[in-house]
Amino acid sequence: MIKLNNETKETLIQFSKEKGIYIEGNILKTIDASDDPQFAEYIRLSIERDNEKRIKRLDVTKQVQEQNAELIKSKAENEKINIELKLALEEAERAKLNALTDLEVLQKKTQYELIGSIVKISLWIICGIGMVTTGMFALCLGLGIDNEIVQNTWSNMFGILLTNCFSIIGTIMGVKYASEKIDKKS
């Protein structure tokens, strides 16, 4: 045990009264205060204050540890959510690309169907007009009617129909060529 001289004891007691400063730590267990009741009271108060401070520090430490555990748990949850968000974003991008591809295929299919319909209708009209004009010309020849007007009309009609056929085919090919160039730029 440590024995302190009277002057040191009085200085420590004076510090505690004036400034509220007490000795702390394990050294309190080693100080012998049995010969001085006033100093023994000082040591007892010092031990009580030290215990209170240790309890407060322990509480703060526990609180900090709990907060750290919560932060670690929150961080793990945030990382999990971030991974899920990245996966969802990638999936959305793939879905977007699939939708764009499907849209493009649908547009091309619709375009080709439209072009096919235009060609079929044009051919039916051309064939119909050609047949009607040819029938009228044949009827005029068969009946012996003056067919100079029908003959000129028949000749002009076939020229016009042939020109229109090439015009329609050229337009369709131009649209197809332009569509392919736009697709290649994308």
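Coordinate-derived values only; no laboratory data. This one's a predicted model, so the numbers in the text were calculated from it and none came from an experiment. Methodologically, a virtual Cβ is constructed for each residue, glycine included, from the backbone with ideal geometry; neighbour enumeration extends over all protein chains shown.
Annotations for the structure displayed:
- Calculated FRET value between Tyr177 and Ser117, using beta carbons and R₀ = 22 Å, to 0.05: 0.65
- Helical runs assigned H by DSSP (4 residues or longer) give the chain a calculated mean residue ellipticity at 222 nm of -32000 deg cm²/dmol, each run adding -39500 (n - 2.57) before division by the residue total.
- Cross-link pairs Lys19/Lys53; Lys86/Lys108; Lys3/Lys53 - those with Cα-Cα distance over 23 Å: Lys86/Lys108; Lys3/Lys53
- Entry note, segment 6-185: relative contact order of 12 percent, from Cα contacts under 8 Å with a spacing of 6+ residues.
- ³J(HN,Hα) computed for each position of segment 56-70 - Karplus, 6.51 cos²θ - 1.76 cosθ + 1.60, integer Hz, glycine/proline x: 4, 4, 5, 4, 4, 4, 4, 4, 5, 5, 5, 5, 4, 4, 5
- Mean projected area of the convex hull spanned by the Cα atoms of the chain, taken over all viewing directions: 22.9 nm².
- Amide hydrogen neighbours beyond the local backbone of Ile31, cut-off 5 Å, H modeled: Ile2
- Simple label model, 7 Å out from Cα along Cβ direction - Asn152 to Arg57, nm: 12.2 nm
- HN-Hα J in Hz across segment 110-125 - Karplus 6.51, -1.76, 1.60, θ = phi - 60°, x for Gly and Pro: 4, 5, 5, 5, 5, 4, x, 5, 4, 5, 4, 4, 4, 5, 5, 5
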